[in-house]
């Protein structure tokens, strides 16, 4: 009788140990599953973050702007001395697969470099509020009205005593527009105009470099070597 009771106790003890082991194993499996879920979730989150960063980098590395055609300049031919350039115009548009670009002066800059000078930012703003323009001459006259330049290089008109602008300045005007904001969109066309101060006017063989620096996307760079200046309108290519 005692033997039977003893065996019964051993079997109960073994069953209890087996149940405890099963509970421990189940708890361990639950913990491992939870950790695996956290690891997988963190991996997916990291992968998504990396994908977003790569996409953002690719967007920033590609410029949305390109020159639309030839760079044209207006020349100044003094009675004595070398002829030089008064105003330079660079036509610009959005590339075929590009995104809209904000040209507001608060987020955009124009850097100008030549053989003699370097200006980090000569950008005054846009003429968008004045509508579109059919010529560089009329746009420059409006830039004078808005105070972007202090003298009109085509006429010498302005509030100063000198006939020529006192500072080199840049502004942008629209030739084709679909709205009235400072956002350049696909299908619209603008011109980046640079009016040179008397002491900054580039001459024959000078190299000029214009950088349109955007908040998003890479910088649009246009560089030209000044050819012989024999006409009032100079084709810079």
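The values are calculated or read from the model by the stated rules, or taken from the named source; none is laboratory data. Quantities reported herein were computed from a predicted structural model and do not represent experimental measurements. So basically every Cβ, Gly included, is an ideal-geometry build from the backbone, and we count neighbours across all protein chains shown.
Take residue 97 and decide whether it is assigned by TED's automatic domain parsing to the domain that holds residue 175, more than 13 Å from the chain's Cα centre (by Cα) and within 17 Å of residue 218 (Cα to Cα).
Answer is yes for this residue.
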Note to self: Testing residue 218 on (1) touching a residue at least 24 places away in the same chain (Cβ under 8 Å); (2) closer than 17 Å to residue 91 by Cα, one condition comes back false. Which one is that?
What the structure shows: (2)
Next item on the list: Report the residue count in region 187-218 for those that are surrounded by fewer than 14 Cβ atoms within 10 Å (Cβ to Cβ) and at pLDDT below 95.
Entry: 4
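Would you mind stating whether residue 103 is within 18 Å of residue 181 (Cα to Cα), modelled with pLDDT of 95 or more, buried (at least 17 other Cβ atoms within 10 Å of the Cβ) and within 15 Å of the chain's Cα centre (by Cα)? Let's see the steps before the verdict.
Working: within 18 Å of residue 181 (Cα to Cα): yes; modelled with pLDDT of 95 or more: yes; buried (at least 17 other Cβ atoms within 10 Å of the Cβ): yes; within 15 Å of the chain's Cα centre (by Cα): yes.
The answer is yes for residue 103.
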Margin query: Can you list residue pairs whose Cβ atoms sit under 7 Å apart, with the first residue in region 115-126 being in the same structural domain as residue 173 (by TED's automatic domain parsing) and at positive phi and the second being modelled with pLDDT of 95 or more and assigned to a loop (DSSP other than H, G, I, E, B)? Count only pairs 6 or more apart in sequence or on different chains.
Written below: 125/105; 125/148
